[in-house]
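Okay, structure first, notes after.
Each reported figure results from applying straightforward, stated rules to the coordinates on display, with no laboratory input. Small disclaimer: the values here were computed from a predicted structure and weren't measured. As a convention, Cβ positions derive from the backbone with ideal geometry for all residues, glycine included, and neighbour counts pool all protein chains shown.
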């Protein structure tokens, strides 16, 4: 058992703290302020309070201080001292046994239910602290809440991604089937393979026509215009030479074939795009897409 | 009101006035809910909505749909991305359980940064 767990067990063993009284009895002015701020025009809150207001009645207020026996306060102190200095609420589960009437005087008691950790979270390493509160009118329990916070040590900001020289970008494998394509991009041409037998356009390139079986590929030069047929936004993992996130779009060219490439912009399916050529080095020029104004 | 019924989508514009007036109406005086300078100093991009308000909005979303005769018995919420000033908070909901007069409604409240709140609300409707 860690020190934090020992402290948690000690605080939990104390059970419920002494009842803390609401500043005011349930009252119409505070209900009306709440309804006005939330924008709720529910007509039923003239004799009873909105259930979701239950916690409002016993808030500590502007100059409020936690009482010494408050279990959440004690557990926060333990975790602060262990270096878990930040806090964020994660769950609030409220059960209302009945509606509260104007004039009723509430009090609240709280106990520590559970402390779990250390857990790795998106915010940093931390502990989940769960308390249970009960609201009372006299000795009648009228509402309950299970409340969970994450008390965490803020994660250090990630190192900025080092600029990767473009030459280190992932390079296409160029072979006899595809070299006409990359020769084209170097010259600012987007070339689509066309069968020398039946004339079928095809992409990606291959040695043989899937339609007629001819092995005499030629090409035509595309206008470089099309629409986004589909796309993905790549967040993870990191890709050499790229800053994430980036968009890879499958573009349906006006000539009829579909071609993948990076898209620079806010993508949407059906969007008009045009090709752009980016020279990586003397050997390699990459085609990509950008939005195209309809004209 | 049957299992599978959807609640109409509802949008809340979280203006700074909204964030602050709801924080004060719920008696939550933590600075991150009304003081942008301090919120930014603490690593937030702006002031953001407090939990008691999120609970109130979830309750309102369900009772606006179910009508004033419905009684709210439980609001269970899990919090995700903060809802900052100037965000639009979009609510979606669906009836997932019905046992006689007792209904369970699943609710999601989402901003451009992701899910701000997911939860369930239990209500009792008149026979």
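Brief remarks on what is shown
- Taking the C-alpha atoms only, the angle from helix B:16-25 to the longest principal axis of chain B is near 70 degrees.
- Inter-chain shielding of A:93-106 (mean C-beta neighbours from other protein chains, 10 Å cut-off): 2
- The Cα center of the range A:223-289 and the Cα center of the range A:170-206 differ in position by 16 Å.
- Calculated FRET value between residue A:119 and residue A:16, using beta carbons and R₀ = 30 Å, to 0.05: 0.70
- Take the convex hull of the alpha carbons in the range B:6-124; its mean projected area over all directions comes to 7.1 nm².
- Counting Cβ atoms of other protein chains within 10 Å of each Cβ in B:48-59 and taking the mean gives 5.
- Euclidean distance of C-alpha centroids, the range A:34-52 and the range B:1-72, integer Å: 14
- Spacing of the two label points (7 Å from each Cα toward its C-beta) at residue A:268 and residue A:2, in nm: 4.8
- In degrees, nearest ten, helix A:71-81 long axis to first principal axis of chain A (Cα): 50
- Between B:27, B:60, B:98, the Gaussian network model of chain B with springs among Cα atoms under 10 angstrom shows the greatest mean-square fluctuation at B:27.
- Approximate spin-label separation residue B:9-residue B:118, in nm, with each point projected 7 Å along Cα-to-Cβ: 1.9
- For chain B, relative contact order (Cα pairs under 8 Å, six or more residues apart, normalised by length) works out to 30 percent.
- Viscosity 0.692 mPa s, temperature 37 °C, Stokes-Einstein D of the range A:3-154 from Kirkwood C-alpha radius, µm²/s: 197
- Residue mean of other protein chain beta carbons inside 10 Å, B:21-31: 6
- Dividing the summed -39500 (n - 2.57) terms of all DSSP H runs of n ≥ 4 by the residue count of chain A sets its mean residue ellipticity at 222 nm at -4500 deg cm²/dmol.
- Inter-site label distance for residue A:282 and residue A:69 at 7 Å from Cα along Cβ, in nm: 8.4
- Volume per residue that the Cα convex hull of the protein assembly as shown spans, once the total is divided by residue count, Å³: 225
- Largest mean-square fluctuation among A:128, A:152, A:277, in a Gaussian network model of chain A whose springs join Cα atoms under 10 Å apart, belongs to A:277.
- Angle in degrees between helix B:51-66 and the longest Cα principal axis of chain B, rounded to the nearest 10: 30
- Where Rh is the Kirkwood radius over Cα pairs, Rg/Rh for the range B:59-106: 1.02
- Ranking of A:286, A:75 by neighbouring Cβ atoms within 10 Å, starting from the fewest: A:286, A:75.
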